Amino acid sequence: MSELGDVVVLGAGLTGMSAAYFLRKGGHDRVELFEKEASAGGLVRTLTFGDYQFDYTGHFLHLRDDEIKGLVEQWCPGDFERVVRDARIHSNGVFTHYPFQTNLHGQPLEVVKECLLGYIAARARDGERPADAPAPTFEQWILDGVGEGIAKHFMIPYNTKLWGVPLSTMTTDWMNRFMPQAPIDKVISGAIGLTDDGAGYNASFLYPRRGGIQTLSERFAAHVGPIELNREAARIDTRARRVEFADGHAAGYERLISTLPLTRLCDLVVDLPAEVRDARARLRSSSVWSLLLGLTANHTEGRHWVYVPEESYPFYRAGCFSNVSPSMAPPGHSAIWVERSYNDDRPLDADAIRDATIDGLKRMGWLHDESEIAVEQQLRIPEAYVVYDHNHAAATATIHAWLNAQGILSTGRYGQWNYSSMEDAIIDGRRAARELLGVAATPNSTAAGADLK
Ligand SMILES: Cc1cc2nc3c(=O)[nH]c(=O)nc-3n(C[C@H](O)[C@H](O)[C@H](O)COP(=O)(O)OP(=O)(O)OC[C@H]3O[C@@H](n4cnc5c(N)ncnc54)[C@H](O)[C@@H]3O)c2cc1C
């Protein structure tokens, strides 16, 4: 029998639901799962406006862990289908295949030449950097890997728009499986038009036939046991091991699993020591603004999403939910989204960006006339992208070490303060549960990971 006492889990996104499920499955019933919203799911939610449905920007499922695959099969029978990615890049006025580096064909010839020469020069420098001294910045990693041309025409402008910070201030700690590599035969083949769409970890993905990605979190919510909704943690006293909620409710714990963003968790702790407060002040992130449009036409030619590196377009990516799942809009219509990141150094003027976005969509050909807009909504995702700058590793280590010593396990994409996927969230929850139960934990799937697109 487990000697573990009361466990409080904060946040009923995929990580929190997974933690509660695996604790209960492991025989531990003294678990309370609290969620501040009226429904579970966190970012894995779908909004419905009239006849159109939108996720919190593109959320596409990849599974590689057998136990998680088994759960999804058991809990979501027949819900998901495998979709082969149809992604493009829009730059220099043309749409080319993704990934850029292995699909240069279609770009202006001068661009293709510059990219190839840069790539060949980068290969000639292979081996100059010692194997035990990786590129010191994300920018340098790009230049080493693909050369100056591909860096200049896609990798640097696109990633700068997405992360919202200069890439010279970022490390490479987050990458692992998320950045596709570019072998020389593929770069040359792609430059002469031998198209290869199949690269990268996301060449195909799983997506619900109907209901949007929220189907996944709804199915999970139905199987994880009780969830206390509308309970927002407002104060944590680590000495008393007690959480107070905004509605006056309180819960004592022996162990606390938090899936809140690490910054917000620190802000709730009333007795945070100075060095942890300093570390918390060094954590940086970028938020995402998204424009959701339900259109009475579909001009997207079946594309699932398009990467837009040029600064003259205010968004880094645009996508079409109803091309992934036709149930998301009426036949012949489209449910589209765009994404832009913002932060303190790159503030958002939502009105101006909205107008520039409409203009950009028209220039891209996805919108012909504003009379086609049946639904228009704006969405914000705070702290969507954790920034891996040079403070990240030391600051997160300081915070986690102190929290662990107080019996608090902060986990999940935002709890760990990393870049990771929906499956990682489920794995993180399982790992946290097993750690508390004293069961040998399976290794963290990513520890850090990155954009999933
Ligand atoms: C723009 C974007 C695109 C993405 N695309 C993909 C993709 O294509 N594929 C993929 O696999 N992953 C994708 N992800 C990642 C995926 O969304 C996350 O990995 C996953 O949803 C994290 O789940 P979580 O439970 O850790 O966090 P969250 O989903 O953030 O859940 C945390 C929960 O805590 C609750 N909460 C917050 N504060 C409190 C409080 N004070 N008290 C109580 N509850 C509280 C929140 O309401 C929320 O329900 C994407 C993420 C972003 C930002």
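The values are calculated or read from the model by the stated rules, or taken from the named source; none is laboratory data. These numbers were taken from a predicted model, which means no experiment stands behind them. Heads up, the Cβs are rebuilt from the backbone with ideal geometry, glycines too, and the neighbour counts pull from every protein chain shown.
Could you say whether any residue in the range 39-52 is among the basic types (K, R) and touching a helix residue (DSSP H, G or I) at 6+ places or on another chain (Cβ under 8 Å)?
Scanning the range 39-52 turns up at least one residue that is among the basic types (K, R) and touching a helix residue (DSSP H, G or I) at 6+ places or on another chain (Cβ under 8 Å).
Which ones in the range 421-453 are at pLDDT 95 or above and of a type outside the set (A, V, I, L, M, F, W, C)?
Passing the criteria: S421, E423, D424, D428, G429, R430, R431, R434, E435.
Taking helices (runs of 4 or more DSSP H) that fall entirely within the range 332-439, which contain at least 2 residues that are aliphatic (A, V, I, L, M) and within 11 Å of the ligand (Cβ to nearest atom)?
Of the helices (runs of 4 or more DSSP H) lying wholly inside the range 332-439, those with at least 2 residues that are aliphatic (A, V, I, L, M) and within 11 Å of the ligand (Cβ to nearest atom) span 422-437.
Residues to consider are Y56, Y52; find the one that is within 30 Å of P330 (Cβ to Cβ), more than 13 Å from the ligand (Cβ to nearest atom) and among the hydroxyl-bearing types (S, T, Y).
Residue meeting the stated conditions: Y52.
Would you tally the residues in the range 274-289 being part of a loop (DSSP other than H, G, I, E, B) and touching a helix residue (DSSP H, G or I) at 6+ places or on another chain (Cβ under 7 Å)?
2
Can you tell me which condition F245 does not meet? The list is (1) within 14 Å of the ligand (Cβ to nearest atom); (2) hydrophobic (A, V, I, L, M, F, W, C); (3) surrounded by 20 or more Cβ atoms within 10 Å (Cβ to Cβ), and all the others hold.
(3)
Looking at I381, is it surrounded by 16 or more Cβ atoms within 10 Å (Cβ to Cβ), under 23 Å from the mean Cα position of the chain (by Cα) and over 23 Å from G42 (Cα atoms)?
no
Quick check, is L292 within 12 Å of the ligand (Cβ to nearest atom) and either in a strand (DSSP E or B) or among the charged types (D, E, K, R) (or both)?
no
Please state which of the following conditions A251 fails to meet, knowing it meets all the rest: (1) within 22 Å of V84 (Cα to Cα); (2) within 16 Å of the ligand (Cβ to nearest atom); (3) not in a loop (DSSP other than H, G, I, E, B).
Of everything listed in (1) within 22 Å of V84 (Cα to Cα); (2) within 16 Å of the ligand (Cβ to nearest atom); (3) not in a loop (DSSP other than H, G, I, E, B), A251 misses just condition (1).
Step by step: first the residues of the range 218-242, then only those that are under 24 Å from R45 (Cβ atoms) and either away from the ligand (no atom under 11 Å from the Cβ) or β-branched (V, I, T) (or both), then the one that is surrounded by the most Cβ atoms within 10 Å (Cβ to Cβ). Which residue is that?
V224
Look at the range 46-67 and say how many of its residues are of a type in the set (A, V, I, L, M, F, W, C), over 30 Å from T195 (Cα atoms) and surrounded by fewer than 20 Cβ atoms within 10 Å (Cβ to Cβ).
Total meeting the criteria: 2.
Hey, can you tell me all the residues within the range 206-217 that are surrounded by 21 or more Cβ atoms within 10 Å (Cβ to Cβ) and within 11 Å of the ligand (Cβ to nearest atom)?
Listed by number, the residues that qualify are Y207, I213, L216, S217.
Considering every residue within the range 83-94, establish whether at least one is over 22 Å from the mean Cα position of the chain (by Cα), modelled with pLDDT of 95 or more, under 24 Å from M175 (Cβ atoms) and away from the ligand (no atom under 16 Å from the Cβ).
yes
Test T259 against the stated conditions and say whether it is within 30 Å of L104 (Cβ to Cβ) and under 28 Å from the mean Cα position of the chain (by Cα).
no
Inspect the range 10-32 for any residue being part of a loop (DSSP other than H, G, I, E, B), away from the ligand (no atom under 12 Å from the Cβ) and among the basic types (K, R) and give the result as yes or no.
The answer is yes; a qualifying residue exists.
With the requirement that a residue be β-branched (V, I, T) and part of a helix (DSSP H, G or I), what does the range 295-331 give you?
Result: V324, single match.
Somewhere in the range 82-92, is a residue surrounded by fewer than 21 Cβ atoms within 10 Å (Cβ to Cβ), outside the structural domain of D237 (by TED's automatic domain parsing) and more than 30 Å from I373 (Cβ to Cβ)?
Scanning the range 82-92 turns up at least one residue that is surrounded by fewer than 21 Cβ atoms within 10 Å (Cβ to Cβ), outside the structural domain of D237 (by TED's automatic domain parsing) and more than 30 Å from I373 (Cβ to Cβ).
Just to be sure before I move on: is H97 buried (at least 21 other Cβ atoms within 10 Å of the Cβ) and more than 9 Å from the ligand (Cβ to nearest atom) in the structure I sent?
No; evaluated as a whole, the condition is false for this residue.
Does D355 meet the test of being modelled with pLDDT of 95 or more, closer than 29 Å to T396 by Cα and surrounded by fewer than 16 Cβ atoms within 10 Å (Cβ to Cβ)?
No: the conditions fail for D355.
Could you tell me which of the residues G294, G252 is in the same structural domain as F321 (by TED's automatic domain parsing) and either more than 23 Å from E339 (Cα to Cα) or crowded, with 20+ Cβ neighbours inside 10 Å (or both)?
Residue meeting the stated conditions: G294.
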